[in-house]
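The values are calculated or read from the model by the stated rules, or taken from the named source; none is laboratory data. Since the structure is predicted, the reported quantities are computational estimates derived from the model, not experimental observations. Every residue, glycine among them, receives a Cβ derived from its backbone with ideal geometry; neighbour counts consider all protein chains shown.
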Amino acid sequence: MSVSASIDECFSESQLAIVAVPSVSVRQNVKDLSDALSSVTSIVCATKGIEIASGKRMSEVILEELPEFGKDNIGVLSGPNLAPEIASGKISSATLAFPNSNVSESVQSILSSDVFRIYRSQDVKGVELGGALKNIVAIGAGFIDGAGLGANIKAAYVTRGLHEILEGSCMGPRGYFCWLERNG
């Protein structure tokens, strides 16, 4: 791994691209990178959120801008992770979702380490929605804290919020429940 100011140089021999930018700029960043991604075979989106203008998940935005990659080669990475902790080598885990299990297994082998455990899924939609929607629950929990309403109501609110997310977003292949990306 190396650092470069040249986009073309960054991706000249890369097989994998990781998109980790704010959700409001995913579409433009992917458009800007499209010519440089000629050697890339898979894209992982680590951005949580929904595009405001279209209501699309980030993987859908990427597929729309880079249709040549196809649905099977665009995946998502989500979990209870803080970038500074990952950078400092603290133990972390995440869920990696690709529609194609062979692609997922290949990317897992690239990203996993002794301190970064990756669990695989084929439920891209559930992983993305879980990662985005749990932030709404977290904001509500913060309001409850700020209002001084107590731990009982906060626990009830968080429990109900997670239940709603599970019912609405994550009933993918074989009923997989994506807990990591929801609870981070």
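So, I86, is that one free of Cβ contacts under 8 Å to residues at least 60 places away in the same chain and assigned to a loop (DSSP other than H, G, I, E, B) or not? No; evaluated as a whole, the condition is false for this residue.
Let's see how each residue does on (1) within 25 Å of I165 (Cα to Cα); (2) out of contact with any Gly (no Cβ under 6 Å at 6 or more places or on another chain):
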| residue | (1), (2) |
| --- | --- |
| F69 | no, yes |
| N73 | no, yes |
| I86 | no, yes |
| F98 | yes, no |
| S106 | no, yes |
| I110 | no, yes |
| F116 | no, yes |
| S121 | yes, yes |
| I144 | yes, yes |
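Does I74 count as touching a Cys at 6+ places or on another chain (Cβ under 8 Å) and over 29 Å from T159 (Cβ atoms)? Answer is yes for this residue. The criterion of at least 2 residues that are in the same structural domain as N100 (by TED's automatic domain parsing) and at pLDDT 95 or above is met, among strands (runs of 3 or more DSSP E) falling completely within region 1-78, by 42-45, 74-78. Screening region 114-156 for residues that are among the hydrophobic types (A, V, I, L, M, F, W, C) and in contact with a Cys (Cβ under 8 Å, 6 or more places away or on another chain) and picking the one that is nearest to N100 (Cα to Cα) gives V127.
Out of all the residues in region 167-180, is one or more modelled with pLDDT of 80 or more, surrounded by fewer than 16 Cβ atoms within 10 Å (Cβ to Cβ) and either farther than 28 Å from E51 by Cβ or touching a Phe, Trp or Tyr at 6+ places or on another chain (Cβ under 9 Å) (or both)? Taking every residue of region 167-180 in turn, none turns out to be modelled with pLDDT of 80 or more, surrounded by fewer than 16 Cβ atoms within 10 Å (Cβ to Cβ) and either farther than 28 Å from E51 by Cβ or touching a Phe, Trp or Tyr at 6+ places or on another chain (Cβ under 9 Å) (or both). Set side by side, the residues I139, I144, I91 differ, and just one is surrounded by 15 or more Cβ atoms within 10 Å (Cβ to Cβ) and among the β-branched types (V, I, T), which is I144.
The residues in region 91-125 that are part of a helix (DSSP H, G or I), closer than 18 Å to S23 by Cβ and not β-branched (V, I, T) can be counted, and the count is 1.
Restricting the first member to region 158-173 and to residues that are farther than 23 Å from R120 by Cβ, and the second to residues that are in a helix (DSSP H, G or I) and at pLDDT 80 or above, the beta-carbon pairs closer than 7 Å and six or more apart or on different chains are V158/V137; V158/A141; G161/V137; G161/G140. Only one of the listed residues (G126, G89) is over 18 Å from V26 (Cα atoms) and in contact with a helix residue (DSSP H, G or I) (Cβ under 7 Å, 6 or more places away or on another chain). That residue is G126.
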